[in-house]
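Below: the structure, in structure tokens.
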Amino acid sequence: MSTLPHVEDEMQRLVSEAQKQNIFLRLIGGLAVKVHCPNASHRALEREYPDIDFVTDKASARKLMEFLPAMGYTPNKRLNTLSGDRRQLYYDEAHGRQIDVFIGDLEMCHKLPLADRLRVEPLTVPLAELFLSKAQIVELNRKDALDLLALLLDHQAGHGDDETINVDRIADLCARDWGLYTTVSMTIQKLNDILAQGSVELDEGQIQTIEERLATIQEAMNAAPKTLAWKVRAKVGTRVRWYEEVEEVRR
């Protein structure tokens, strides 16, 4: 079966066909931000979306090993053999794209538990986890920063998950993991710096909206009661590396 040239059309094709075959998929990454955010097309925030990232559950992970090749994708046999119960990688040779599939949880710089929250949204992971999937990146690049700014511009930071960045979920995960708390706090500061430097052309009202929502998230993170393990790790601080180094896997 041939893949489609436009990445959004291809994503919809895969999701639709997976549903027909009872295969569970939820979108994560830049395309998930675009699905939720009209402002992802703002001239200051728009970017290319070269790849498609999904999360699935363990039952569907096994089915993907037959499903995606049948949909026109070439598997990364080495990674899928070694890590196929946690992560799988496939290539669209015709269009130079890849599909990254995370199983159950997202494990990159930090581990984000997703398994119990995968059915909150019908197409993507919840907005809190979508925010964290970008905010947990230690070496934040411009495209990830733009995704976060679009997400924050289009969605209130508050309680609950209905088109809202759920600060209670973010605060709870960060209160259990000092490393995650530290990286997310650093990302919030980086985003504030980007806005202050004027390197993204947004108007004053848009900047204020984002800054207020960043402050709401940080305040919730700071106020959440911390575990004993969190407090012990905090005493060590950044003298010891608090994140996993992630090597991007590409062809």
Checklist entry - Would you call residue 128 assigned to a helix (DSSP H, G or I), hydrophobic (A, V, I, L, M, F, W, C) and within 21 Å of residue 9 (Cβ to Cβ)? => result no
Item to check | Candidate set: segment 197-225, residues that are of a type in the set (Gly, Ala, Ser) and surrounded by fewer than 16 Cβ atoms within 10 Å (Cβ to Cβ); chosen: the one farthest from residue 147 (Cα to Cα) | outcome: 223
Next on the checklist: Taking the criterion of being more than 21 Å from the chain's Cα centre (by Cα) and among the small types (Gly, Ala, Ser), would at least one residue in segment 68-87 satisfy it?
Outcome noted: yes
Checklist entry - When residues of segment 127-154 are filtered for being over 18 Å from residue 112 (Cβ atoms) and either among the β-branched types (Val, Ile, Thr) or more than 14 Å from the chain's Cα centre (by Cα) (or both), how many remain? => result 3
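For every residue, the table says whether it meets (1) of a type in the set (Val, Ile, Thr); (2) surrounded by fewer than 16 Cβ atoms within 10 Å (Cβ to Cβ); (3) free of Cβ contacts under 8 Å to residues at least 60 places away in the same chain.
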residue: 71; (1), (2), (3): no, no, no
residue: 96; (1), (2), (3): no, yes, yes
residue: 104; (1), (2), (3): no, no, yes
residue: 110; (1), (2), (3): no, no, no
residue: 125; (1), (2), (3): yes, no, no
Checklist outcome for this item: If we take segment 132-250, then helices (runs of 4 or more DSSP H) inside it with 3 or more residues that are touching a residue at least 60 places away in the same chain (Cβ under 8 Å) and farther than 30 Å from residue 77 by Cα are 142-154, 178-197, 204-223
Next on the checklist: Name the residue that is surrounded by the fewest Cβ atoms within 10 Å (Cβ to Cβ), counting only residues in segment 16-59 that are closer than 18 Å to residue 133 by Cα and β-branched (Val, Ile, Thr).
Outcome noted: 35
Next on the checklist: Can you name every one of the helices (runs of 4 or more DSSP H) wholly within segment 1-103 that holds 2 or more residues which are on the phi < 0 side of the Ramachandran plot and among the small types (Gly, Ala, Ser)?
Outcome noted: 7-20, 30-36, 58-70
Checklist entry - Of the numbered conditions (1) of a type outside the set (A, V, I, L, M, F, W, C); (2) out of contact with any helix residue (DSSP H, G or I) (no Cβ under 6 Å at 6 or more places or on another chain); (3) farther than 23 Å from residue 81 by Cα, residue 26 satisfies every one except a single condition; which is it? => result (3)
Checklist entry - With (1) assigned to a helix (DSSP H, G or I); (2) closer than 22 Å to residue 155 by Cα; (3) of a type in the set (Val, Ile, Thr) as the list, and residue 120 as the residue in question, which single condition is left unmet? => result (1)
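Any read-out appearing in this document is the output of simple, stated calculations on the displayed coordinates, not a laboratory observation. Only a predicted model underlies this, so the values are computations on that prediction, with no experimental measurement involved. Cβ: placed from backbone, ideal geometry, glycine included. Neighbour counts: every protein chain shown.
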